[in-house]
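Reviewing the structure listed below.
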Amino acid sequence: MIAFVSGPVAALAPDSAVVEVGGIGIAVQCAPNTLSGLRMGQQARLATSLVVREDSLTLYGFQDDDERRTFELLQTASGVGPRLAQAMLAVHSPDALRRAVSTADEKALIAVPGIGKRGAQKLLLELKDRLGAPLGTGPAIGSAVTTGWRDQLHAALIGLGYATREADEAVAAVTPQAEAAEGAPQIGQLLKAALQTLNRAR
């Protein structure tokens, strides 16, 4: 298993990064909140999880080991693959997911694209004894985004399966919230607000 990759960031895309390790570029699939902390040419260390399929090997990257462990634990629930697990971590931090499961918060899980009411109920049952208790009372989601939050948010919504028009409308809907925020907006919080807007529109 590849537990982590460390090296300069060689490339950034809406849903992935390339980290140079020993002269080799390693492509890593990342959620928007992870990508927002990376900068071209700067050193990065990503905790990773390798997903093996018959026709592919995909490396998923995370801010820390807690995110990686949560990603792997989520996939022990029936019907949860790596894409849905990553979508859950794009909307909620590991501790926010633990809190949602421990308090049976269906709405928190339904906020994730691809999870409906019945699916949320099933996940709450299956994950109750797997994720553990919340570790603290820190911020639920997000890391600060200093530049280009609109592009990152738009790319995240496209990556989650929304149409370009829907992504445009959602970004426009959360712009007042982002501009009113003190300091840099947080991509995780904006993504959650955008998803709530899209869910209301459907």
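The table that follows gives values for the structure above.
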| item | result |
| --- | --- |
| Breaking point among (1) in a loop (DSSP other than H, G, I, E, B); (2) more than 12 Å from the chain's Cα centre (by Cα); (3) crowded, with 20+ Cβ neighbours inside 10 Å, for residue 112 | (2) |
| Residues that are in contact (Cβ under 8 Å) with a residue 40 or more places away in the chain and among the small types (Gly, Ala, Ser), drawn from the stretch 23-40 | 31, 36, 37 |
| Output for the stretch 125-136, where each listed residue is hydrophobic (A, V, I, L, M, F, W, C) and either under 20 Å from residue 90 (Cβ atoms) or part of a loop (DSSP other than H, G, I, E, B) (or both) | 127, 131, 133, 135 |
| Residues being farther than 22 Å from residue 156 by Cβ and hydrophobic (A, V, I, L, M, F, W, C) - total across the stretch 13-61 | 5 |
| Residue tally, condition touching an Asp or Glu at 6+ places or on another chain (Cβ under 7 Å) and farther than 23 Å from residue 149 by Cβ, over the stretch 11-48 | 1 |
| Residue in the stretch 117-124 that is on the phi > 0 side of the Ramachandran plot and either in a loop (DSSP other than H, G, I, E, B) or within 18 Å of the chain's Cα centre (by Cα) (or both) present | no |
| Boolean, residue 138 is of a type outside the set (A, V, I, L, M, F, W, C), modelled with pLDDT under 85, in contact with a helix residue (DSSP H, G or I) (Cβ under 8 Å, 6 or more places away or on another chain) and exposed (fewer than 14 other Cβ atoms within 10 Å of the Cβ) | yes |
| Some residue of the stretch 59-75 being β-branched (Val, Ile, Thr) and under 24 Å from residue 128 (Cβ atoms) | yes |
| All positions within the stretch 41-60 that are more than 12 Å from residue 10 (Cα to Cα) and in contact (Cβ under 8 Å) with a residue 12 or more places away in the chain | 45, 46, 47, 48, 49, 50, 51, 58, 59, 60 |
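So that you can scan it fast, the table gives a plain yes or no per residue for (1) closer than 15 Å to residue 196 by Cβ; (2) polar (S, T, N, Q):
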{"position": "94", "(1), (2)": "no, no"}
{"position": "98", "(1), (2)": "no, no"}
{"position": "102", "(1), (2)": "no, yes"}
{"position": "105", "(1), (2)": "yes, no"}
{"position": "119", "(1), (2)": "no, no"}
{"position": "123", "(1), (2)": "no, no"}
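The values are calculated or read from the model by the stated rules, or taken from the named source; none is laboratory data. Only a predicted model underlies this, so the values are computations on that prediction, with no experimental measurement involved. For neighbour counting, all protein chains shown are included, and Cβ atoms are generated from backbone atoms with ideal geometry for every residue, glycine included.
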